[in-house]
Amino acid sequence: MDYDPMIMDDAEALGPVVKISQADSVRVKWELSNTDISFANSLRRVMLAEIPTIAIDLVEIEENSSVLADEFIAHRLGLIPLNAEGIDSLLYSRDCDCDGCCEHCSVRLILHAKCTGDENMHVFARDLVPTGDRINQVLGTPIINDSEGLGPLILKLRPGQEIKLECIAKKGIAKEHAKWAPSAAIGFEYDPHNKLHHLDLWYESDPKAEWPPSEYAAWEEPPQEGEPFDYDAVPNRFYFNVETAGPLPPDVIISEGIKVLQQKLAGLIHELADEGGDGGVNGDGYNGGGPRSPEYGAGAGMDGFNGGYTTPFGGAAAGNQSAWGGAGGATAYGTTPYGAGSSWS
Amino acid sequence: MAAANYKHDNTVERSFELFVLQEGEKKITEKVVSGMSNCSDFLLLKEDHTLGNLLSAYLRMAPHVMFAAYKIGHPNVPEVLIRVQTDGSITPREAFLTTLKQLVALYGQLGREFQKELALRKYADQSENAAADAAGPSGTSGQNGI
Ligand SMILES: [Zn+2]
């Protein structure tokens, strides 16, 4: 069946327009148009760096007779993608009342493997076992997407070698360390024919012959022969390719990115309106747009956005719970975009 | 063997000072620029180009705003300064607030548009799969009945 997004767009023709060309459990390729480049780029930046996820942050090593140094293994553990479903109800440990870490602000995982056979042993992410109380049954579980169900290789052991350690996974954002990035990559491009000359392509003799056209080149009108440069032209169509590293489904990365950005902006509104005293909204317990805030005191709840401020502006994120099964990720349109049978969990 | 005692590791404290407000810091403060009419500087702490570029770009498009720009004085200092000058019919703070509200609404609209298109995409994909199944030799009809 052919699907033409233009049919339904008339109602909100004045705002951003979305067209999705591919969506599955790993990536969403979509076009954002009818908006400013700063709008698109801020969303890209937030999706890259400011969506909270969970990653191993501390490792206590009890026994390591492998050939790898403790800190080398700890670094590898940090980079293992962990399921971030329900991260909204986990506290940042810097905001938690506990001394160090507890079940409200961390997930513990243990790894214990000893090579008892006479072949080298491979230790995989599936051998990391979450222990103790957790916010929910999946938060902090290593992401395993390969068909054998192994997950990333952590290290190898020779006969007789042993590894025994305990990890503490914490909530964080990629601005602090890239291990908290939810996305593997975010493709972002515009103006595939370089009509705006934002790119200065290096070439030997002919840039046309040496630079293969983007897959989006066919989506836009190529420049006419001898066409004069348009000094008033601005980019208007932006092509995103959001690919997940596993912690969150790709469509959730996008809706979470929008949410985080809205929270930043709403935080500014609250403070600015308060400061002026001109009939401002009194942010009850809302503490600024920093990445510690909204879920703080906003009560738990999977549908995140609503906290202290559903605000008069925007009614925001009507469909933010989305996709992800969870407590019934049914959208207003009835279906859960990704069936429960996806390769997740 | 080596064991990290996180309770005494104060290097951990420093790693989020780039984006978490310290005690007593305000996210945003307005400072009226003396010597220029209808002009204010807004200082945003623990923010970066994400908000600086977005807000100054949309302020420039806003009515009654004559000038808007941002700077990040030093790449290692997480502070954004946004200067706004209006034509006098509204204050820079009013222009700033209006722009903020407009952007929250626009991103809300984007979120709704995205969910709508995603549902359509899924529906189209499912229909395609169903059609492919039905066409195939062992097609089981009506499996994805929607
Ligand atoms: Zn705690």
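The values are calculated or read from the model by the stated rules, or taken from the named source; none is laboratory data. Because the structure is a prediction, the values reported are computed rather than measured. Please note: Cβ atoms are built from the backbone with ideal geometry, for glycine as well, and neighbour counts cover all protein chains shown. The area values use the complete protein model at the heavy-atom level, side chains included, leaving out ligands, DNA and RNA. Shrake-Rupley method; radii C 1.70, N 1.55, O 1.52, S 1.80 Å.
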Somewhere in region A:153-175, is a residue without any contact (Cβ under 8 Å) to a residue 40 or more places away in the chain and of a type outside the set (D, E, K, R)?
yes
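Can you go through B:Asp133, B:Asp41 and tell me which one is away from chain A (no Cβ under 12 Å) and open to solvent by 30 Å² or more (accessible area, probe 1.4 Å)?
B:Asp133
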For region A:65-77, pairs from a residue that is in the same structural domain as A:Val129 (by TED's automatic domain parsing) to a residue that is assigned to a helix (DSSP H, G or I) and open to solvent by less than 30 Å² (accessible area, probe 1.4 Å), with Cβ under 8 Å and 6 or more apart or across chains, are A:Ser66/A:Ile73
Given (1) in contact with a helix residue (DSSP H, G or I) (Cβ under 6 Å, 6 or more places away or on another chain); (2) part of a loop (DSSP other than H, G, I, E, B), A:Ile61 misses just (2)
Those residues of region A:67-100 which are away from chain B (no Cβ under 13 Å) and among the β-branched types (Val, Ile, Thr) amount to A:Val67, A:Ile80, A:Ile87
Exercise. With respect to A:Ile163, is the statement that it is within 25 Å of the chain's Cα centre (by Cα) and either modelled with pLDDT of 95 or more or on the phi > 0 side of the Ramachandran plot (or both) true?
Worked result: no
Of the residues in region B:86-104, those that are open to solvent by 40 Å² or more (accessible area, probe 1.4 Å) and at the interface with chain A (Cβ under 7 Å from one of its Cβ atoms) come to B:Lys101
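Does A:Asn120 qualify as being at pLDDT below 95, in the same structural domain as A:Leu58 (by TED's automatic domain parsing) and open to solvent by 20 Å² or more (accessible area, probe 1.4 Å)?
Judged against the criteria, A:Asn120 is not a match.
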(1) within 16 Å of the ligand (Cβ to nearest atom); (2) away from chain B (no Cβ under 14 Å); (3) not in a loop (DSSP other than H, G, I, E, B) all hold for A:Glu103 apart from (3)
Would you call A:Ala113 away from the ligand (no atom under 16 Å from the Cβ), over 25 Å from A:Asn241 (Cβ atoms) and more than 14 Å from every other protein chain (Cβ to nearest Cβ)?
yes
Among the residues of region A:27-55, the number that are assigned to a loop (DSSP other than H, G, I, E, B), out of contact with any Asp or Glu (no Cβ under 6 Å at 6 or more places or on another chain) and under 30 Å from A:Ser93 (Cα atoms) is 2
Using the structure shown, decide if A:Ile110 is touching a Leu at 6+ places or on another chain (Cβ under 8 Å) and in a loop (DSSP other than H, G, I, E, B). no
If we scan region A:211-229, do we find a residue that is among the charged types (D, E, K, R), surrounded by 13 or more Cβ atoms within 10 Å (Cβ to Cβ) and not assigned by TED's automatic domain parsing to the domain that holds A:Glu62?
yes
For region A:241-252 the number of residues that are within 14 Å of chain B (Cβ to nearest Cβ) and surrounded by fewer than 24 Cβ atoms within 10 Å (Cβ to Cβ) is 0
Residue count, region A:64-84, condition in a loop (DSSP other than H, G, I, E, B) and either closer than 22 Å to A:Glu176 by Cα or open to solvent by 40 Å² or more (accessible area, probe 1.4 Å) (or both), comes to 9
Given the structure, is A:Leu91 open to solvent by 40 Å² or more (accessible area, probe 1.4 Å) and within 16 Å of the ligand (Cβ to nearest atom)?
yes
Pairing a residue in region A:89-103 that is more than 11 Å from A:Ile54 (Cβ to Cβ) with any residue that is more than 6 Å from the ligand (Cβ to nearest atom) and of a type in the set (Phe, Trp, Tyr), where Cβ atoms lie under 6 Å and the two sit 6 or more apart in sequence or on different chains, gives A:Gly100/B:Tyr6
If you go through A:Lys208, A:Lys195, A:Lys156, A:Lys171, the only one that is in a strand (DSSP E or B) and open to solvent by 70 Å² or more (accessible area, probe 1.4 Å) is A:Lys156
Scanning region A:58-88 residue by residue, those in contact with a Phe, Trp or Tyr (Cβ under 8 Å, 6 or more places away or on another chain) and within 16 Å of the ligand (Cβ to nearest atom) turn out to be A:Leu58
